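Below: the structure, in structure tokens.
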Amino acid sequence: MATRKKSLLKVIILGDSSVGKTSLMNQYVNKRFSNQYKATIGADFCTKEVVVDDRVVTMQIWDTAGQERFQSLGVAFYRGADCCVLVYDVTAPNSFKNLDSWRDEFLIQASPRDPEHFPFVVLGNKVDLDNRQVSTRRAQQWCQSKNDIPYYETSAKEGINVEMAFQTIAKNALQQEAEAEIYNEFPDQIRLNSDRNNRPGNADNCQC
Amino acid sequence: MSDELPEDYDLIVIGTGFVESCIAAAASRIGKNVLHIDANEYYGDVWSSFNLDALINLLEQRPEASLRNATYRWHDRSTSTEPISPSHHPWTREALLAKSRRFSIDLCPRILYAAGQLVQLLIKSNICRYAEFRALDHVCMRYNEEIVPVPCSRSDVFNTKALSIVEKRLLMKFLNGCQVYNIKKCNDDTLAFRGKTFQDYLQSQRVTEKIASCIMQSIALSNVNTSFEEGMERTQRFLRSLGRYGNTPFLFPMYGCGELPQCFCRLCAVYGGIYCLKRAVDNVSLDADTNEVLLSSAGKTLRAKNLVCAFGQVPSQIASNFGELRYNISRAVYITAHPLGGEELNKGGGGVNMMRLLTDSGDRDAIFIQLSHYSGTCPEGLYIFHLTTPAASNDPADDLSPFTAQIFQNNEPEILFSSFFTITSSTFSHSNTSPIFCTDAPSYELDYDAAIANARDIFGRIYAGSEFLPRAPDPEEIVVDGEDPSALSEHNLPDDLRSQLHDLEHSTQLIDIGE
């Protein structure tokens with residue numbers, strides 16, 4: 001039997017305000033959706049255990065906590081990300097156009113070792129709505145032009161494609177993690193109070 | 001992204017430095033409506049870390065307020081006619097700037113006691129989940145013009161070659177004595193030293209000169225003027241922090257101290273605080289009727305019950321409340337291609353080392369911090385040296401010269417870049433009725449005790465009786481409003497039941513089509 005090694009993956013979700021970042025996270029981790037929109041309050045990060053290629057990994061999904069609203073995400077948010085999820089709203093063309101700047105911002109702030117091959121995943125959210133403005137083809141073309149970023153069309157509300165998208169996110173993050181382990185860039189990092197934060201027993205939960 | 005900034009707040013905080021961020025987080029945590037702005041495009045103000053390009057930009061701007069007397073210099077090898085030996089790294093100015101983003105250079109670097117105030121606050125408030133740390137690899141001291149490790153743990157004391165067996169016994173005996181010392185208990189041995197200096201006490205303990213300097217310099221972090229009580233208290237703080245993480249009693253935040261204000265800001269944001277960088281304030285006034293603060297910024301008038309402002313970002317309208325400008329800290333930053341001290345201190349390319357320096361007369365001191373790439377603050381193969389001393393003049397290089405002479409005397413690390421600057425401050429006179437508060441600029445201290453005390457004080461004056469940063473709950477403790485945890489929805493069903501439900505729906509659809 002394959003050895004099951006545990007590891008922690010940090011995934012960050014970027015995109016304009018109100019494209020559904022928190023809802024996607026909530027849908028994936030807690031299987032729930034709230035129609036009441038509030039600019040992200042109380043959304044912090046979620047953790048969920050996933051199995052990828054026979055390996056149990058803990059995925060830690062970080063929300064922007066609303067700091068993207070006035071373009072004020074600090075560099076600390078980007079540190080050590082294993083995968084970056086770019087979200088836009090298929091009914092809001094501007095949120096699609098801004099994917100470029102979100103991707104650039106990530107590459108500048110996180111400055112990953114190998115920016116060419118850093119795993120991104122793009123999600124076109126709110127496909128349950130009628131007034132779609134960005135075509136699948138247009139989104140796919142953009143993703144192809146950026147080194148073939150995997151693309152999913154999701155609905156956080158209906159739970160469409162959310163599970164599958166996050167499975168890909170976990171898989172790609174894990175590949176990144178495997179490479180990072182070879183570099184072993186920062187060994188011996190300390191988390192304070194680590195017994196509480198890294199306790200494996202309560203893996204499927206969310207602070208939002 | 002055209003989002004409208006709300007106009008009414010309980011608290012507006014200007015500046016995202018450490019103290020302001022603590023206050024913003026604490027206010028937001030108890031349900032206050034907080035707007036946190038900063039004129040800069042980065043977090044941290046004078047408590048921030050910078051990449052190399054950004055640091056040079058900052059030093060060239062020579063801002064008026066909290067950072068002054070700034071200079072920098074490239075110690076260029078590229079222009080030298082000497083042939084570069086093969087062992088030398090070709091670290092030219094261009095090579096350094098090409099790696100600019102790998103640097104994270106602190107204006108005010110600090111070292112955390114593993115059981116100190118900040119670590120306790122981070123754990124208590126649960127803000128620790130936003131940060132990672134590295135245990136300091138070595139505490140060093142300068143003895144007989146050489147840089148040697150200070151034994152920190154019991155096993156260190158036994159293993160070190162730097163001390164003789166007799167010295168080891170003396171050191172252990174002394175430290176055990178400090179551990180049982182109790183300031184409240186009258187003890188005949190120690191009573192005699194009340195009101196005297198720590199050095200007096202040390203000398204009475206018949207320790208060797210080496211042990212004495214080891215304790216003075218690195219364990220009690222004292223100088224000749226430190227009182228007995230203060231020295232004992234510091235020694236105890238050192239001992240309390242031992243054995244918690246790593247081999248020394250100290251921690252350093254990964255990627256530099258500039259991460260810490262951002263951790264507090266994130267908590268503030270998680271509890272609903274609004275963040276707006278690159279937002280300058282044009283005018284501040286008071287509403288005579290309500291005693292509320294009116295702030296005009298980018299053509300908007302914002303209103304808040306209270307205003308907290310960083311010294312360096314005070315709008316000119318309230319700047320008249322300040323006393324004379326003071327020079328707080330004199331700083332030096334070096335980038336080198338070689339670590340300080342021998343192989344024993346820099347195994348595997350070096351980690352984070354700390355050394356306290358005293359002048360020959362013993363009345364002035366400085367903190368030296370050496371960072372390698374393992375701290376996430378510089379590229380592999382390079383080292384950052386931070387030197388900090390209380391400012392004595394407006395010439396930071398001159399203030400630091402006795403210490404630079406000490407560290408570079410017998411060691412000539414290849415210095416590639418050097419920079420000097422002063423962190424300034426001023427006293428803000430606060431009237432009892434004013435809703436406007438001003439935070440202190442960074443002062444000379446190893447850890448964040450004074451900064452936290454400042455944040456607590458201002459928070460306490462605005463929100464008397466409220467708890468300062470109570471623990472943010474863990475996920476399983478959060479109950480979402482309006483959700484009945486016992487209600488069953490489709491998505492709450494176990495996977496196998498859900499798939500059965502889907503199959504059922506699917507087959508009904510097929511039947512529909514069939515009809």
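The values are calculated or read from the model by the stated rules, or taken from the named source; none is laboratory data. These figures come from a predicted structure and were not determined experimentally. In this analysis, Cβ positions are derived from the backbone assuming ideal geometry, glycine residues included, and neighbour counts consider all displayed protein chains. Quick note on the areas: whole protein, heavy atoms, side chains included, nothing else; ligands and nucleic acids left out. Shrake-Rupley method; radii C 1.70, N 1.55, O 1.52, S 1.80 Å.
Remarks
- Residue within the range B:236-243 that is in contact with a strand residue (DSSP E or B) (Cβ under 8 Å, 6 or more places away or on another chain), within 12 Å of another protein chain (Cβ to nearest Cβ) and open to solvent by 10 Å² or more (accessible area, probe 1.4 Å) present: no
- Scan of the range B:466-485 for residues that are at pLDDT below 95 and away from chain A (no Cβ under 14 Å), ordered by number: B:470
- Of all residues in the range A:50-81, those that are touching a residue at least 12 places away in the same chain (Cβ under 8 Å), in contact with an Asp or Glu (Cβ under 8 Å, 6 or more places away or on another chain) and within 7 Å of chain B (Cβ to nearest Cβ) total 3.
- Criterion violated by residue B:38 - all others in (1) out of contact with any Pro (no Cβ under 6 Å at 6 or more places or on another chain); (2) open to solvent by 10 Å² or more (accessible area, probe 1.4 Å) satisfied: (2)
- Residue within the range A:151-166 that is among the charged types (D, E, K, R), open to solvent by 20 Å² or more (accessible area, probe 1.4 Å), within 14 Å of chain B (Cβ to nearest Cβ) and within 17 Å of residue A:14 (Cβ to Cβ) present: no
- When B:231, B:272 are screened for being assigned by TED's automatic domain parsing to the domain that holds residue B:444, outside any strand (DSSP E or B), over 22 Å from the mean Cα position of the chain (by Cα) and not aromatic (Phe, Trp, Tyr), only B:272 passes.
- Contact annotation: residue pairs with Cβ atoms under 6 Å, 6 or more positions apart or on different chains, pairing a residue in the range B:41-70 that is under 23 Å from residue B:111 (Cβ atoms) and within 12 Å of chain A (Cβ to nearest Cβ) with a partner that is open to solvent by less than 30 Å² (accessible area, probe 1.4 Å) and acidic (Asp, Glu), are B:49/B:106.
- Condition met for residue A:47 (within 13 Å of another protein chain (Cβ to nearest Cβ) and assigned to a strand (DSSP E or B)): yes
- In this entry, residue B:174 is excluded by the filter for residues that are more than 25 Å from residue B:373 (Cα to Cα) and either touching a Lys or Arg at 6+ places or on another chain (Cβ under 9 Å) or of a type in the set (Asp, Glu) (or both).
- Each residue in the range B:251-301 was checked for being touching an Asp or Glu at 6+ places or on another chain (Cβ under 7 Å), under 19 Å from residue B:462 (Cβ atoms) and within 13 Å of chain A (Cβ to nearest Cβ), and 0 pass.
- The listed residues are B:267, B:251, and the only one of them that is touching a strand residue (DSSP E or B) at 6+ places or on another chain (Cβ under 8 Å) and at pLDDT 95 or above turns out to be B:251.
- Restricting attention to the range B:289-341 and to residues that are within 28 Å of the chain's Cα centre (by Cα) and among the charged types (D, E, K, R), the residue that is surrounded by the fewest Cβ atoms within 10 Å (Cβ to Cβ) turns out to be B:324.
- Elements of type strands (runs of 3 or more DSSP E) contained in the range B:93-182, each with 2 or more residues being more than 16 Å from residue B:244 (Cα to Cα) and touching a residue at least 40 places away in the same chain (Cβ under 8 Å): B:138-143, B:146-149
- Here residue B:428 fulfils each of the conditions (1) within 25 Å of residue B:54 (Cβ to Cβ); (2) open to solvent by 20 Å² or more (accessible area, probe 1.4 Å); (3) of a type in the set (Phe, Trp, Tyr) apart from (1).
- Flag for residue B:443 being modelled with pLDDT of 90 or more, in contact with a helix residue (DSSP H, G or I) (Cβ under 6 Å, 6 or more places away or on another chain) and surrounded by fewer than 20 Cβ atoms within 10 Å (Cβ to Cβ): yes
Yes or no, residue by residue, for (1) modelled with pLDDT under 90; (2) within 14 Å of chain A (Cβ to nearest Cβ):
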site: B:130; (1), (2): no, yes
site: B:134; (1), (2): no, yes
site: B:171; (1), (2): yes, no
site: B:190; (1), (2): yes, no
site: B:197; (1), (2): no, no
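- For the range B:372-385, the condition holds for no residue, the condition being that it is surrounded by fewer than 22 Cβ atoms within 10 Å (Cβ to Cβ) and touching a Cys at 6+ places or on another chain (Cβ under 9 Å).
- Selection of the range A:23-42 for residues being modelled with pLDDT under 90, open to solvent by less than 30 Å² (accessible area, probe 1.4 Å) and under 22 Å from residue A:163 (Cα atoms) yields A:26, A:29, A:40.
- Residues (in contact (Cβ under 8 Å) with a residue 12 or more places away in the chain and open to solvent by 40 Å² or more (accessible area, probe 1.4 Å)) located in the range A:120-149: A:126, A:127, A:128, A:129, A:131, A:132, A:133, A:136, A:138, A:146, A:147
- Residue within the range B:142-152 that is of a type outside the set (Phe, Trp, Tyr), within 14 Å of another protein chain (Cβ to nearest Cβ) and surrounded by fewer than 18 Cβ atoms within 10 Å (Cβ to Cβ) present: no
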